[in-house]
Amino acid sequence: MNADPKLQEMQRRVQDASARNSRRLAERAGEARENAVAFVGDHPFTAIAGGVVAGAVLATLLPKRRRRAQSEPEDTRTQTIKWLALAADAVIAFAQQSLDSARSAGHAGQKRIEHLGERVSDGTAGLRKEIGRFADEATQNVRSAGEQASQQAKSVAGRFGSRFRR
């Protein structure tokens, strides 16, 4: 059975839009993650203080637990709190792992840049020597040209002087 071309076009457009939205969402989530890691890396004490404050606010807003008998099943609120605690632990572990990864990537990048700088410095050492030789040769040529010009000027001055003395 052939489907209606308009229906196929609409399905294709919906799939394209869905793929576009998925990419955008993934990009935004990645940016949010990078921003969060950067913030925690730049301001670790502020991040910890924020977590403590958020925990205190949640503890204040949630009603206190009542004591219950051993046989009484856990209520939804208690299960939610346990899940939130697990999620908070996972977020903290992830943040710590991200910071460690960022630090190691930073150290590795720094070492690569240092190595590159050393290689560039080594490569330019020969160039510096060659430039030094060129500068010395240019200085000698200028000095020699100056001496020749001085001798010629003396010679010309001598010729003019001898013409006026006669």
* Considering only the range 5-54, how many residues are touching a helix residue (DSSP H, G or I) at 6+ places or on another chain (Cβ under 9 Å) and exposed (fewer than 11 other Cβ atoms within 10 Å of the Cβ)? -> 0
* Asked: Among the residues of the range 78-95, is any modelled with pLDDT of 75 or more, surrounded by 11 or more Cβ atoms within 10 Å (Cβ to Cβ) and within 22 Å of the chain's Cα centre (by Cα)?
  -> yes
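Conditions tested, residue by residue: (1) aliphatic (A, V, I, L, M); (2) more than 30 Å from SER104 (Cα to Cα); (3) in contact with a strand residue (DSSP E or B) (Cβ under 6 Å, 6 or more places away or on another chain); (4) part of a helix (DSSP H, G or I).
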position: LYS6; (1), (2), (3), (4): no, yes, no, yes
position: MET10; (1), (2), (3), (4): yes, yes, no, yes
position: ARG13; (1), (2), (3), (4): no, yes, no, yes
position: GLU27; (1), (2), (3), (4): no, no, no, yes
* Check GLY126, GLY106 and return the single one that is assigned to a helix (DSSP H, G or I) and under 30 Å from VAL37 (Cβ atoms). => GLY106
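The values are calculated or read from the model by the stated rules, or taken from the named source; none is laboratory data. Remember, it's a predicted structure, so these values are computed and weren't measured experimentally. No Cβ is skipped: glycine too gets one built from the backbone with ideal geometry, and neighbour counts run over all protein chains shown.
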